[in-house]
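Engineer: Once you've had a glance at the structure underneath, I'll fire off some questions.
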Amino acid sequence: MTRTPARRPSLREAQRALTRDRLRSGARDLFAETSYIEATIDQIAVRAGVGRATFYLHYESKDALLRDLLIQDMTAHRRLYHRLADVGPRPTPEAVRPWIRRYMQVFSERRAAVSLFNVVIGADPAFLAEITRQRDALFDDLGGRLEAFRFADDARGRSRRMAAHLLVFQVEQFCTHAAFADWDDATCDDGVAQLASAVATFLAAPF
């Protein structure tokens, strides 16, 4: 079967995507230096090298830009879970530990982005629904790679899906605390060991 080549974006589309990326990058830098609350749309536009009117061509508000940043971050987190699939369908806790540490490293490197999650949820609790949708999309994606994330449409499947949500929440909360708390190595090692055991148990549980 002959595959139809993907359509190349037009010059206008490419320029629009570039400007949107510059707005995201400028906003991230600004939020890291000041805060989301204090940052203004004019400041974001200046960081991106565009005018205020251009900002509004891409986002209706600062909140809309923030939501876009968080969805971008959640998409990046999905790639981390692809690495979990590479560990295998029924890994030992020891095999999961490097994946946990990689997750911790990403959160540590993106502390400003992690802080934005708390800001947006505090300002717009409805965003929790978006997080749930993104996690469900993650589970659907992982279902093609790991049997543990294939949930039947019955009571047991719904229970397993809830267990998956709780597990992801546990991983994210641990990595968030590790990024901001002044934990010593022994404390981190203990947390990694316990979390790796929880992940391995979930992956190995009967379906």
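Engineer: Show me the helices (runs of 4 or more DSSP H) entirely contained within region 97-185 in which 1 or more residues are of a type in the set (D, E) and surrounded by fewer than 16 Cβ atoms within 10 Å (Cβ to Cβ).
Structural biologist: Numbers: elements: 111-123, 127-143, 155-180.
Those helices (runs of 4 or more DSSP H) span 127-143.
Engineer: Tell me, please, whether a residue that is within 23 Å of the chain's Cα centre (by Cα), closer than 13 Å to R24 by Cβ and of a type in the set (K, R) can be found in region 70-86. Step through it out loud before you land on a result.
Structural biologist: Let us first name the residues in region 70-86 that are within 23 Å of the chain's Cα centre (by Cα), namely 70-86.
Going one step further and asking which of them are closer than 13 Å to R24 by Cβ, we end up with 70-73, 75-76.
Retained after the next criterion (residues that are of a type in the set (K, R)): none.
Scanning region 70-86 turns up no residue that is within 23 Å of the chain's Cα centre (by Cα), closer than 13 Å to R24 by Cβ and of a type in the set (K, R).
Engineer: Going through region 54-96 one residue at a time, which ones are open to solvent by 80 Å² or more (accessible area, probe 1.4 Å) and either without any contact (Cβ under 8 Å) to a residue 24 or more places away in the chain or of a type in the set (A, V, I, L, M, F, W, C) (or both)?
Structural biologist: Scanning region 54-96 gives Y56, L57, E60, R79, R83, D86.
Engineer: In region 18-39, how many are open to solvent by less than 30 Å² (accessible area, probe 1.4 Å) and outside any loop (DSSP other than H, G, I, E, B)? Quick ask: steps written out before the conclusion?
Structural biologist: Of the residues in region 18-39, the ones open to solvent by less than 30 Å² (accessible area, probe 1.4 Å) are 19, 23, 26-27, 30-31, 36, 39.
In the following step, the residues that additionally are outside any loop (DSSP other than H, G, I, E, B) were identified as 19, 23, 26-27, 30-31.
Residues in region 18-39 being open to solvent by less than 30 Å² (accessible area, probe 1.4 Å) and outside any loop (DSSP other than H, G, I, E, B): 6 in total.
Engineer: Give me a count of the residues in region 57-69 that are modelled with pLDDT of 90 or more and within 12 Å of the chain's Cα centre (by Cα).
Structural biologist: Residues flagged as modelled with pLDDT of 90 or more and within 12 Å of the chain's Cα centre (by Cα) within region 57-69 amount to 0.
The values are calculated or read from the model by the stated rules, or taken from the named source; none is laboratory data. Quick caveat, the model's predicted, so the values are computed rather than measured. Backbone-built Cβ (ideal geometry, glycine too); neighbour counts: all protein chains shown. We work out accessible area using only protein heavy atoms, side chains counted, and drop any ligands, DNA or RNA first. Shrake-Rupley method; radii C 1.70, N 1.55, O 1.52, S 1.80 Å.
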